[in-house]
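Worksheet: the structure to be examined is printed underneath.
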Amino acid sequence: MMKKVCVLILFICCVWTARGAKVEDVKVYSASMKKEVDVVIITPEKEGMRYPVIYLLHGYGGNARTWLGIRGDLPQIADRYGLIFVCPDGKNSWYWDSPQDVSLRYETFISGELVGYVDGNYPTVADRSGRAVTGLSMGGHGALWNAWRHPEVFGAAGSTSGGVDIRPFPKNWDMSKQLGEQATHPQVWDAHTVINLVETLVNGRQALIVDCGYSDFFFEVNNALHAKLMEYKIDHDYLVRPGGHDSEYWRNSIGYQILFFYSYFNGK
């Protein structure tokens, strides 16, 4: 009898865990790039409601499934907090519209085409007050770049271990393919590094969170970003903690950022 009860309990648990948030691999057509882009979209199980959206951008060498690999419990988080997660494949684009390659228009895609697709096909809060964007490393730069250039689209933004000033790293991560060599195109590099957008910001227009680990090679540029935000009196959360530039750090840090955005969405 006990064996039958155990089997029944196991069956019930399996049925329960099989339900929950939906994880979809979709292809979103980009008219500006004339190609389909892989996107993972996670939606809560409960229907009949509208949900705010957190756009999660991966780092250099990543793809649309990077964030699921780091936080496999994103579907459970989506259900628990009533959130939609959107994870696009940004290749190694740095999420700019490249001035060197007109076929790479990932800013147009992220802040325009992708948002339009998600709002048109999913039960979103289709307003800046229901959208946040964040990312790791290259994606941290890309999240702030898109949010700060499109405040009418994103009401909140973040960066974890972000490359928030690209200029100290002129030979890294294919950036010269996007912008040209820094030595010959210094003004282009100045114009495409997110730290130089701080002076364009309006205090209080967006909820902002930035974090970085002490052992991260981006630690100093994140400190510099924090200092500049303070100089221009732009309110933001800035968190530093032990950790390097790795999945272990991001697994922890993104949890804090999700709670930050959840509080923003709920007006807390």
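The values are calculated or read from the model by the stated rules, or taken from the named source; none is laboratory data. Since we're looking at a predicted model, the values are computed, not measured. For neighbour counting, all protein chains shown are included, and Cβ atoms are generated from backbone atoms with ideal geometry for every residue, glycine included. Only protein heavy atoms, including side chains, enter the accessible area calculation; ligands, DNA and RNA are left aside. Shrake-Rupley method; radii C 1.70, N 1.55, O 1.52, S 1.80 Å.
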The conditions are (1) modelled with pLDDT of 95 or more; (2) under 17 Å from Glu107 (Cβ atoms), and Arg205 fails exactly one of them. Which is it? (2)
Can you name the residue in the range 233-258 that is within 26 Å of Gly130 (Cα to Cα) and aromatic (Phe, Trp, Tyr) and, of all such residues, is most open to solvent (accessible area, probe 1.4 Å)? Tyr256
Would you confirm, using the coordinates I've provided, whether Ala224 is more than 21 Å from Asn92 (Cα to Cα) and of a type in the set (A, V, I, L, M, F, W, C)? yes
Need pairs with beta-carbon distance below 8 Å; first residue in contact (Cβ under 8 Å) with a residue 24 or more places away in the chain and within the range 190-201, second of a type in the set (Gly, Ala, Ser) and in a helix (DSSP H, G or I); sequence gap 6+ or separate chains. Ile195/Ala224
Condition first: open to solvent by less than 50 Å² (accessible area, probe 1.4 Å) and touching a strand residue (DSSP E or B) at 6+ places or on another chain (Cβ under 6 Å). Now tell me which residues in the range 219-232 satisfy that. Phe219, Asn222
Pairs returned, first residue in the range 152-170 that is surrounded by fewer than 18 Cβ atoms within 10 Å (Cβ to Cβ), second residue that is assigned to a loop (DSSP other than H, G, I, E, B), beta-carbon separation under 6 angstrom, 6 or more apart or interchain, are Arg167/Thr193; Pro170/Gln182
Restricting the range 94-128 to residues that are of a type in the set (S, T, N, Q) and in contact with a strand residue (DSSP E or B) (Cβ under 9 Å, 6 or more places away or on another chain), which is farthest from Ala156 (Cα to Cα)? Ser103
Given (1) under 13 Å from Tyr55 (Cα atoms); (2) in contact (Cβ under 8 Å) with a residue 40 or more places away in the chain, identify the lone condition not met by Arg128. (2)
Look at Glu199 and say whether it is among the acidic types (Asp, Glu) and over 18 Å from the mean Cα position of the chain (by Cα). yes
The range 214-266, subset without any contact (Cβ under 8 Å) to a residue 40 or more places away in the chain, touching a helix residue (DSSP H, G or I) at 6+ places or on another chain (Cβ under 9 Å) and small (Gly, Ala, Ser), residue nearest to Gly72 (Cα to Cα): Gly243
Selection count, the range 158-187, where residues are closer than 27 Å to Ala207 by Cα and touching a Gly at 6+ places or on another chain (Cβ under 9 Å): 7
Filter the range 79-125 down to residues that are at pLDDT below 95 and among the aliphatic types (A, V, I, L, M), then give me how many there are. 2
Per-region count, the range 139-179, residues modelled with pLDDT under 95 and among the aliphatic types (A, V, I, L, M): 3
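Results for (1) of a type in the set (Lys, Arg); (2) closer than 18 Å to Phe260 by Cβ; (3) assigned to a helix (DSSP H, G or I); (4) open to solvent by less than 30 Å² (accessible area, probe 1.4 Å), shown as yes or no for each residue.
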site	(1), (2), (3), (4)
Lys177	yes, no, yes, no
Ala183	no, no, no, no
Gln187	no, no, yes, no
Leu197	no, no, yes, yes
Arg205	yes, yes, no, no
Ile209	no, yes, no, yes
Phe217	no, no, no, no
